[in-house]
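Scroll down for the structure; my scribbles are underneath it.
The values are calculated or read from the model by the stated rules, or taken from the named source; none is laboratory data. The structure presented is a predicted model; accordingly, all values stated were derived computationally and were not measured. For neighbour counting, all protein chains shown are included, and Cβ atoms are generated from backbone atoms with ideal geometry for every residue, glycine included. Each accessible area value is taken on the protein alone, full model and side chains, heavy atoms only, with ligands, DNA and RNA left out. Shrake-Rupley method; radii C 1.70, N 1.55, O 1.52, S 1.80 Å.
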Amino acid sequence: QVHMVESGGGLVQAGGSLRLSCAASGSILSINTMGWHRQAPGKQRELVASIASGGTTNYADSVKGRFTISGDGAKNTVVLQMNSLKPEDTAVYYCHADITLPTAWGPKSYSYWGQGTQVTVSS
């Protein structure tokens, strides 16, 4: 069993900053990747940023240079620092993790999602 707990989000004016945090807990052998996706009303969920266990990061073109993702492997946490926010960043942001768990059949990887946190940027 894995629990994903998100924090952060809220309402901010354009140009402002917000910080999202996500922590995974449970019988975790390893976390392969953690990241953030977002879904705006009427749109598909899209990747915002991710970080792999080796530290490689990946960003959507729309957030490059404004958002920074970082992770703490020892604490199974990931943080998304969002600067220079724009109204088009308004969405529900979901933490995602690809996690390897011990099973009776050996280690297996599963995908987990957080409950989502609202980010609203006013113009």
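Tabulated data
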| quantity | calculated |
| --- | --- |
| Total lysine pairs under 29 Å (Cα atoms) in the chain, excluding pairs fewer than 8 apart on one chain | 5 |
| Point-to-point label distance, SER111-LYS86, nm (Cα→Cβ direction, 7 Å offset) | 2.7 nm |
| Computed label-point distance, nm, for sites SER30 and ARG66 using a 7 Å Cα→Cβ extension | 3.5 nm |
| Amide proton proximity set for LEU29, modelled H, under 5 Å, gap of 5+ | THR100, LEU101 |
| Among LEU80, LEU18, LEU29: highest mean-square fluctuation, GNM of the chain, C-alpha pairs under 10 Å | LEU29 |
| Surface accessible to a 1.4 Å probe, per residue, for the residues of the chain, Å² | 53 Å² |
| Added length on full extension, which subtracts the Cα-Cα distance from 0.36 nm per residue, ARG45 to SER17 | 7.9 nm |
| Integer Hz, Karplus 6.51/-1.76/1.60 couplings in order for region 32-47, x for Gly and Pro | 7, 9, 9, x, 10, 10, 9, 9, 8, x, x, 10, 6, 5, 9, 5 |
| Accessible surface of region 42-118, 1.4 Å probe, proportion on carbon and sulfur as whole % | 49 percent |
| Residue with peak Gaussian network fluctuation, the chain [Cα springs, cutoff 10 Å], from GLY65, GLY42, GLY54 | GLY42 |
| GNM result for the chain, Cα springs below 10 Å: residue of GLY106, GLY26, GLY15 fluctuating most strongly | GLY106 |
| Charge dipole magnitude, Cβ of K and R +1, D and E -1 - the chain, Cα centre, debye nearest 20 | 40 debye |
| Net charge, ASP89 excluded, C-beta distance under 11 Å - Lys, Arg +1, Asp, Glu -1 | +2 |
